[in-house]
Amino acid sequence: MFPHMMRLYALRQRLLSLSVGLGLALASCSQKTTAPAASSTATDQGKAAAVTEMAAYQVPVDYYTLDNGLKVVLSPDTTAPVATVAVYYNIGFRIEPKDRTGFAHLFEHMMFQGSDNLGKMEFIQLVQKNGGILNGSTRYDFTNYFEIVPAHKLQTMLWAEADRMKGLNITQENLKNQQEVVKNEVKVNVLNQPYGGFPWLDMPQYANKNWYNAHNFYGDLEDLDAASLEDVRSFFKTYYSPNNAVVVVVGDFDPAQAGTWIKEYFGDIPASPLPKPANLSEPRQEREQRFTKDDKLATRPALAFAYHMPERNTPEYYAMGLLDQILLQGKDSRLYQALVQERGYTGSVDGGINAYLGNMFNYNGPMLWMGDLVHDKNVSADSIVAVLDQEVAKLQRQGVSQEMLDLAIVKMRSSLYDQISQLYGFGKADLLASFALFDDKPARINQLEEEFRKVTPELMQRTILEYLRPTNRTVLIVNPQAKAEM
């Protein structure tokens, strides 16, 4: 259940069944989008310039707050007879209390153990028996739950979400059971897997200095074992309160009717006092960091690199989004061409901005621009880092032309629209919920293109010099300990 509650294959199969019943096409359920490679031909460059002048697609946004502090975002879309309900709580593994490591993830599991009117696992059954799908995940700064159902079942889903926000069934039996489930998940997905936790779980612990950004997000097994029933009840009352949440509805529905149901089911849930937000700030990194991790199950070495990102929503933040497109995203990217096509050091290079646990928009705090690759033993880590430095140096020396910038904007626009259209409206709901929680402004979804278009070659150059300097970098090397099978 970390980061997803359901296995990807099972979710896709369920979606396929839903799409057949509703006459829809299957959408990808991955929150990481890889934009198609942009061609460098004159024709495609002309298309790129034309696309950047196109009017941006406008997402309908109706936003308000109930008296108890619950944020509500409604975004109707009559394209298909489907409704998506997403409930986001402003508690993720980065911002969990210091003495409660792993609680954010533990609660992702606990939320399916029953509530006042639904028994254990009955929430899941309710969704599935009504022809829908559901999922949940724990991220840096939120924990989310969503259901995608035929539109006429929207009222049922709003009632069910309110029922567990109002009164989760927190018992010693449920707690003990889910503690064991989480511990087993850590053992299966991380401890007993080659490259387990690499780099998404490992790198933040090496690159960051602030405990909130650098602790084990899964939680220490000792902390999970030590969790008492009172600890869990207090955590739920504090962080799963309506004034720490947003409800988003996307799809084929009547906004007035949906608003009436939301007020009826959620409106009388009492607010709770919230703790002072944690200080997540990171010091400026002044020297490169390098670490090696022995992996007893890996047969080939791997390397990950990470650079601290500019602050979210600054001009440099948007510039880094475009540098990510130029350097790392797609087969036309500089690093793919240099490491895969030209030198054959690896078969692929992955990564991005929050690429392993979301996208560059759905987090709220310090972040890393990160990349990783598995490579042959005869390729040294130094040679890979040298290529990285060479490609960054080329951009520093030659600059980013307006033509190159236009192509990056096209790729970013494609990636953004892929995100918005994902999974029957869930991708749209994800951005709306994130912008409501973090910025109190879900309408930011309609301003992103404009922000990227404000980026100039001069801003790109300043961003490269400050944020892609070697002294802002952390390198993590996986040292394989297992023998390759012959």
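The values are calculated or read from the model by the stated rules, or taken from the named source; none is laboratory data. All values derive from a computational prediction rather than experimental measurement. Positions of Cβ are generated from backbone atoms using ideal geometry, with glycine treated the same way; all protein chains shown enter the neighbour counts. All accessible areas refer to the heavy atoms of the entire protein, side chains included, with ligands and DNA or RNA removed. Shrake-Rupley method; radii C 1.70, N 1.55, O 1.52, S 1.80 Å.
Counting Lys and Arg as +1 and Asp and Glu as -1, what is the net charge of the other residues whose Cβ lies under 15 Å from the Cβ of Val249? Don't jump to the answer; show the numbers that get you there.
On the way: positive: Lys71, Lys153, Lys263, Lys428; negative: Asp62, Asp77, Glu147, Glu161, Asp252, Asp254, Glu264, Asp430.
Computed value for this residue: -4.
How high is the relative contact order of the chain? Use alpha-carbon pairs under 8 Å, at least six apart in sequence, and give a whole percent.
Relative contact order, the chain: 24 percent.
Sort 83-91, 230-238 for me by packing, meaning the mean count of neighbouring Cβ atoms within 10 Å per residue, highest on top.
83-91, 230-238
Checking the table Lys183/Lys428; Lys98/Lys183; Lys237/Lys428; Lys98/Lys331 against a 30 Å threshold on Cα-Cα, which pairs fail?
Going by Cα-Cα distance, Lys183/Lys428; Lys98/Lys331 fall outside the 30 Å limit.
Using a 1.4 angstrom probe on heavy atoms only, work out the carbon and sulfur share of the accessible area of region 285-391 in %. Let's see the in-between values first.
Details: 1710 of 3880 Å².
Looking at region 285-391 in its full context, I get 44 percent from C and S.
Sort region 414-486 into rounded, prolate or oblate with this rule: let a ≥ b ≥ c be the square roots of the eigenvalues of the Cα gyration tensor; rounded if a/c is under 1.5, and if a/c is not under 1.5, prolate when a/b is larger than b/c, oblate otherwise.
Taking the square roots of the gyration eigenvalues as a ≥ b ≥ c, region 414-486 is oblate.
If we sort 298-310, 217-229 on the protection proxy, mean other Cβ atoms within 10 Å, highest first, what's the order?
The peptides rank, most packed first, as 298-310, 217-229.
With each label point set 7 Å from Cα along the Cα-Cβ vector, what nm distance links Gln257 and Lys441?
3.4
If you take every residue apart from Leu66 with its C-beta less than 12 Å away from the C-beta of Leu66, what net charge results, scoring Lys and Arg +1 and Asp and Glu -1?
Net local charge, Leu66 excluded: -1.
Tell me the chymotrypsin sites (Phe, Trp or Tyr not before Pro) within region 351-418 that lie in a loop according to DSSP and have at most 16 other beta-carbon atoms within 10 Å. It would help to have the intermediate numbers written out before the result.
Numbers: sites: Tyr356, Phe361, Tyr363, Trp369, Tyr417; in loops: Tyr356, Phe361, Tyr363.
Sparse-neighbourhood loop chymotrypsin sites (Phe, Trp or Tyr not before Pro): none present.
Here are labelled values, [x] 26; [y] 30; [z] 41, and one is the computed percent of Cα pairs over 38 Å apart for what I pasted. Which one?
Structure-derived value, by its label: [x].
What FRET efficiency do you get for Glu403 and Ser281 if R0 is 56 Å and r is their Cβ-Cβ distance, rounded to the nearest 0.05? It would help to have the intermediate numbers written out before the result.
On the way: r = 37 Å, r/R0 = 0.66.
The computed FRET efficiency comes out at 0.90.
Along the Cα-to-C-beta direction of Leu274, a point sits 7 Å from the Cα; which residues of region 84-99 have their amide N less than 11 Å from that point?
89-91
Relative contact order, percent, of region 117-242 when contacts are C-alpha pairs under 8 Å separated by at least 6 residues?
Numbers: 67 pairs, mean separation 22.7, N = 126.
Once divided by the residue count of region 117-242, the mean separation gives 18 percent.
Using helices alone, what [θ] at 222 nm do you get for the chain, with -39,500 (n - 2.57) per DSSP H run of 4 or more residues, divided over all residues and rounded to the nearest 500? Numbers along the way, then the final one.
Details: 17 runs with 191 residues, N = 486.
Helices in the chain give a 222 nm mean residue ellipticity of -12000 deg cm²/dmol.
Mind scanning Lys120/Lys296; Lys209/Lys296; Lys263/Lys454 and naming the pairs with a C-alpha gap bigger than 32 Å?
Lys120/Lys296; Lys263/Lys454
Which sequence of Arg453, Arg397 reflects their accessible areas, 1.4 Å probe, from the largest down?
Arg397, Arg453
Just to confirm a number: summing +1 for Lys and Arg and -1 for Asp and Glu over residues other than Gly114 whose beta-carbon lies under 9 angstrom from that of Gly114, what do you get?
Cβ neighbours under 9 Å give a net charge of 0.
Could the peptides 383-395, 316-328 be put in order, highest first, of the mean number of other beta-carbon atoms found within 10 Å of their residues? Don't skip to the answer; put the middle values down first.
On the way: 383-395: 16.5, 316-328: 23.7.
The peptides rank, most packed first, as 316-328, 383-395.
In square angstrom, what is the accessible area per residue of the chain with a 1.4 angstrom probe?
41
Using r as the Cβ-Cβ distance of Ala386 and Glu450, and R0 as 30 Å, what FRET efficiency do you calculate, to the nearest 0.05?
Working: r = 38 Å, r/R0 = 1.26.
Computed FRET efficiency for Ala386 and Glu450 comes out at 0.20.
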